[in-house]
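As structure tokens, the structure follows; a few thoughts come after it.
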Amino acid sequence: MDNHARIQATWRWPAFTALHLLVAVLLLSWVPETGRELWRAAGAHLFTVLHGTLGHSASWDLLWALCSTRLWDVLAGALMLTLLLHQGWAFRGAETRRALFHLLALLLILVVLRTLFSKLVGYFHWQHASPSMLIPNSFRLSESFPALERLFEVKDRSSRSFPGDHASVLIVWGLFMACFSRGWKLAASTGLVVFCSLPRLIAGAHWLEDIAVGGVLLAALAFAWGYCTPLGGLIAAGLERASQPLLPVLRRLPLLGNWGVLQSR
């Protein structure tokens with residue numbers, strides 16, 4: 001079997017349909033006022049449980065303060081990129097380049113969908129502030145660690161927390177890796193997505209609905225249209241063609257030159 005054929009956005013009707021059904025269920029559970037009240041009640045309970053662990057141990061607070069910074073977002077992104085490009089994790093040899101461009105295509109589609117969805121959120125007045133700003137006596141990690149706040153910004157509050165952009169990116173990556181990972185590697189990738197989603201919930205930057213509705217909805221639509229139709233493949237092919245002039249230069253660089261993502265097919 002051609003390894004490159006494994007990584008090809010094409011019509012996948014069962015997955016395309018299932019993802020859109022998931023989106024419909026989420027919207028039907030959340031758009032009605034009563035549905036949003038139930039989601040908010042569940043989010044408030046989860047906030048009480050998770051956020052309630054803060055303020056009792058300085059080391060515990062520091063852990064989640066660090067994981068709520070922009071620096072951690074960069075490090076987590078670097079780790080996810082490393083797993084994507086690592087030889088033998090999910091892809092091998094030159095097929096890593098195809099995987100990289102397909103993931104970039106998915107993320108571009110996600111950005112477009114997020115922009116369009118933000119218009120709907122504004123029009124229907126669905127936007128809201130994070131729980132740390134609405135629930136009294138919330139513990140502020142940014143105030144407990146002012147040096148971290150000054151250096152890297154601790155994400156523990158937002159006046160516009162819906163949908164969870166951070167979570168949608170994580171979920172898109174997780175869905176893509178799940179297509180090519182099995183066993184403990186699949187569990188590790190899934191665990192990374194869950195762990196990297198937790199800081200925003202524990203710190204109080206997001207409600208449960210921001211991630212479980214907004215983040216999942218956007219990720220599901222991006223994956224449905226980006227990998228379960230030919231659209232993502234067309235975008236990936238365009239990105240790959242545009243990168244061709246850079247490849248000979250990158251192959252001559254120390255360390256980078258041996259990466260599978262830069263090798264000829």
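Between the amide H of Ala9 and those of Gly233, distances stay under 5 Å, these residues lying 5 or more places away or on another chain, with hydrogens modeled in the peptide plane. Basic side chains Lys and Arg get +1 at the Cβ, acidic Asp and Glu get -1 at the Cβ, and with that the dipole of segment 10-262 about its Cα centre reaches some 780 debye. Taking θ as phi - 60° and the Karplus parameters 6.51, -1.76 and 1.60, the scalar couplings of segment 53-59 work out to 6, 7, x, 10, 9, 5, 5 Hz in sequence order, x denoting glycine and proline.
Between Thr69 and Lys155, the built amide H atoms are under 5 Å apart, and every one of these is 5 or more places off in sequence or on another chain. For segment 173-179, 3J(HN,Hα) computed residue by residue from phi via the Karplus equation (6.51, -1.76, 1.60; θ = phi - 60°) reads 4, x, 5, 5, 5, 5, 5 Hz, glycine and proline entered as x. Positive end of the dipole of the chain (Cβ unit charges, origin at the Cα centre): among Ala90, Thr34, Cys67, the Cα lying farthest that way belongs to Ala90.
Where only DSSP H runs of four or more residues are counted, the chain gives -20500 deg cm²/dmol as its mean residue ellipticity at 222 nm, each run worth -39500 (n - 2.57). Rounded to whole numbers, the Karplus 3J(HN,Hα) couplings from phi for segment 126-134 are 8, 5, 8, 7, 6, x, 5, 9, 10 Hz, using 6.51 cos²θ - 1.76 cosθ + 1.60 with θ = phi - 60°, and x at Gly and Pro.
Counting only chymotrypsin sites (Phe, Trp or Tyr not before Pro) that are in a DSSP loop and have at most 10 other C-beta atoms within 10 Å, tell me the longest site-free stretch of the chain.
Between the exposed loop sites, the longest stretch runs 125-265.
Only one residue of Pro136, Leu106, Leu198 has its Cα farthest out toward the positive end of the dipole of segment 10-262, where Lys and Arg carry +1 and Asp and Glu -1 on Cβ, and that residue is Leu106. Can you pull out the trypsin sites (Lys or Arg not before Pro) in segment 181-213 whose DSSP state is coil and whose Cβ has at most 15 other Cβ atoms within 10 Å? Of the trypsin sites (Lys or Arg not before Pro), the ones in loops of segment 181-213 whose Cβ has at most 15 other Cβ atoms within 10 Å are Arg182. Protection proxy ranking for 157-163, 51-57, using the average of other Cβ atoms within 10 Å per residue and placing the highest first: 157-163, 51-57.
Kirkwood Rh over Cα pairs of the chain into Stokes-Einstein at 20 °C, 1.002 mPa s: D in µm²/s?
Working: Rh = 19.9 Å.
Translational diffusion coefficient: 108 µm²/s.
Against the main long axis of the alpha-carbon atoms of the chain, helix 183-203 sits at an angle near 30°.
For segment 32-172, what are the per-bin percents of Cα-Cα distances with bins 5 Å wide, up to the bin holding the maximum? With 5 Å bins starting at 0, P(r) equals 2, 8, 13, 16, 17, 15, 13, 10, 5, 2, 0.
Roughly how tilted is helix 216-227, in degrees to the nearest 10 and between 0 and 90, from the longest Cα axis of the chain? Tilt of helix 216-227: around 10 degrees.
Taken together, the values in this text are just the output of simple stated rules run on the coordinates, not laboratory data. Quick caveat: nothing in here was measured; it's all calculated off a predicted structure. Neighbour counts are summed over all protein chains in view; Cβ atoms, including those assigned to glycine, are modelled from backbone coordinates with ideal geometry.
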